[in-house]
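Input: a single structure, listed below in structure tokens.
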């Protein structure tokens, strides 16, 4: 979803194509603390998968292995001060970091691949803006809750 206008256009098309039914749920949800809760090792694995799946063996001359090592440094060597004590972040990445935003989007790519395909096959809407998600569904609430777990 690009913006509110895009969402309205998608909903108008959904209605005009006859997909809106009495059983349709309009669902919104937020992925809580997406940036700071990214599992670091899994995120690095997904980053590697993403690059390989998109045909990259190097990015601007840098090998994927080197990118992964650099990404690990960015994630694991993130320190902050709280109450005059230094802490190292062991989960997720730094808030406000351009790299963390990119990594979060790649992490979400992995999570949402199956859901996006399933939504499209069912003529349902799936839209995401960073950590805010909107879907339509004619599935049961139990099924929707299973997706969210």
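The values are calculated or read from the model by the stated rules, or taken from the named source; none is laboratory data. Since this is a predicted model, take the numbers as computed values, not measurements. When we count neighbours, we look across all protein chains shown, and the Cβ atoms used for this are built from the backbone with ideal geometry, even at glycine.
Scanning segment 90-129 for residues that are surrounded by 12 or more Cβ atoms within 10 Å (Cβ to Cβ), at pLDDT below 90 and over 24 Å from residue 24 (Cβ atoms) returns 94, 95, 97. Of all residues in segment 23-45, those being within 25 Å of residue 125 (Cα to Cα) and either surrounded by 12 or more Cβ atoms within 10 Å (Cβ to Cβ) or more than 12 Å from the chain's Cα centre (by Cα) (or both) number 11.
Among the numbered conditions (1) within 10 Å of the chain's Cα centre (by Cα); (2) within 23 Å of residue 13 (Cα to Cα); (3) surrounded by 14 or more Cβ atoms within 10 Å (Cβ to Cβ), the only one that residue 132 does not meet is (3). Here residue 142 fulfils each of the conditions (1) under 17 Å from the mean Cα position of the chain (by Cα); (2) over 18 Å from residue 38 (Cβ atoms); (3) free of Cβ contacts under 8 Å to residues at least 24 places away in the same chain apart from (1). Answer yes or no: is there a residue in segment 106-116 that is more than 11 Å from the chain's Cα centre (by Cα), under 19 Å from residue 68 (Cβ atoms), touching a residue at least 60 places away in the same chain (Cβ under 8 Å) and part of a helix (DSSP H, G or I). Within segment 106-116 (the criterion being more than 11 Å from the chain's Cα centre (by Cα), under 19 Å from residue 68 (Cβ atoms), touching a residue at least 60 places away in the same chain (Cβ under 8 Å) and part of a helix (DSSP H, G or I)), the answer is no, since none of the residues qualifies.
Residues that are within 16 Å of residue 105 (Cα to Cα), without any contact (Cβ under 8 Å) to a residue 24 or more places away in the chain and surrounded by 11 or more Cβ atoms within 10 Å (Cβ to Cβ) within segment 53-80 comprise just one, 53. Scanning segment 11-40 for residues being farther than 18 Å from residue 95 by Cα and out of contact with any strand residue (DSSP E or B) (no Cβ under 7 Å at 6 or more places or on another chain) gives a total of 12.
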